[in-house]
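First comes the structure, then the notes that go with it.
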Amino acid sequence: QADMNEWKKVEYGHENTNDGGDNTNGTTASTTVAIVTTTAASDPKHLVIARANFLLSNPSVLPDYDLLKSNCECVAVWCKTGKWCTLQGSSILDNAATSSVDMLKGVAPASLLPAISVFGVGASAALWYKKMQYEKFGEETADTLNKKFNDFLKKRSIQTK
């Protein structure tokens, strides 16, 4: 088993081929992997496992699923670090502003390019604001989960005494 403090960065959709092991049908095993990464330092193993067990025992403490601010990556990062964040959501918002403006530039006549630039600035500002809202949501969610987790640990230690 790999050390839990060691995170490997793998891009989403990266093709991971089994090292020479053949399947029963004679083909080499190949899977698409999506590994969560973060710049935050990992907490000790016992704490990561305790957080995961806490969520398994108390699934109602999790916020509702949202692709951009509350997804499986957020859960994994919280278990590992105590922080609630997602690179997936940030990437989607970052790419949305760029791709919508680029798409318009490709089909619009040259006389509309100044208007498209204004649209691009407006779209970028709106997406930046949305990103700030999601970051605030992440901080609040981490604070709430960490408080509930600490309360859970306190109650558990009182019960075992």
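Taking all protein chains together and a probe of 1.4 Å, list Glu73, Glu140 from the most accessible to the least accessible.
Details: Glu73 5, Glu140 95 Å².
Greatest to least solvent exposure: Glu140, Glu73.
Whose amide H sits under 5 Å from the amide H of Ser70, counting only residues 5 or more places off or on another chain, with H placed in the peptide plane?
For Ser70, no residues qualify.
Which of rounded, prolate, oblate describes segment 40-83, given a ≥ b ≥ c as roots of the alpha-carbon gyration tensor eigenvalues and a/c under 1.5 marking rounded, otherwise prolate only if a/b is larger than b/c? Don't jump to the answer; show the numbers that get you there.
Details: a/c = 3.26, a/b = 1.32, b/c = 2.47.
Oblate, since a/c reaches 1.5 and b/c is not below a/b.
Which ³J(HN,Hα) values in Hz, rounded to whole numbers, follow from the phi angles of segment 56-68 under the Karplus curve 6.51 cos²θ - 1.76 cosθ + 1.60, where θ = phi - 60° and Gly and Pro get x?
So the Karplus estimates, Gly and Pro as x, are 5, 7, 9, x, 5, 6, 6, x, 4, 5, 8, 3, 8 Hz.
If Rh is defined by the Kirkwood formula over all Cα pairs and Rg also comes from Cα, what ratio Rg/Rh do you get for segment 121-161? The partial results should precede the final answer.
Details: Rg = 17.8 Å, Rh = 12.4 Å.
Rg/Rh: 1.43.
The values are calculated or read from the model by the stated rules, or taken from the named source; none is laboratory data. Small disclaimer: the values here were computed from a predicted structure and weren't measured. Ligands, DNA and RNA are excluded from the accessible area calculation, which covers all protein heavy atoms including side chains. Shrake-Rupley method; radii C 1.70, N 1.55, O 1.52, S 1.80 Å.
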